[in-house]
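Right, one structure below, let's go through it.
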Amino acid sequence: MLGEAMRRASLSFLRREGGFHIFCHTYGTWMTRYGKLDTEGLVRTKRWKNAESAARYAHTVASSEARRADELPTPTRGKSAENTHSKKKA
């Protein structure tokens, strides 16, 4: 099924990787970040055999300090840096 989906999406990977390995890493990252699973939770999915192999995804959870970047102004959220700068001069 993965091969067919890749063909239809015009995706290709090195034969050695075959796409499966990349999708497994995406699964682990998303289950940690969005599914809120810790290392033991990943092991319980039975995709990883032990905590050592599942622990590589612990770094994908952003710290509360790193999340503060979400507060920064962007053109689509709040004032852009340009608008903020011009207001300070006034």
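Note on segment 19-52: residues that are touching a residue at least 12 places away in the same chain (Cβ under 8 Å), farther than 23 Å from Ser63 by Cα and not hydrophobic (A, V, I, L, M, F, W, C) total 3. For segment 19-43, the set of residues classified as assigned to a helix (DSSP H, G or I) and hydroxyl-bearing (Ser, Thr, Tyr) consists of Thr26, Tyr27, Thr29, Thr32, Thr39, listed by residue number. Within the option set Arg56, Arg68, Arg47, being surrounded by 10 or more Cβ atoms within 10 Å (Cβ to Cβ), assigned to a loop (DSSP other than H, G, I, E, B), at pLDDT 80 or above and at negative phi holds for one residue only, Arg47.
The values are calculated or read from the model by the stated rules, or taken from the named source; none is laboratory data. What you see is a predicted model, and the numbers here were worked out from it, not measured in a lab. Ideal geometry is used to build each Cβ from the backbone, glycine not excepted, and the neighbour counts take in all protein chains shown.
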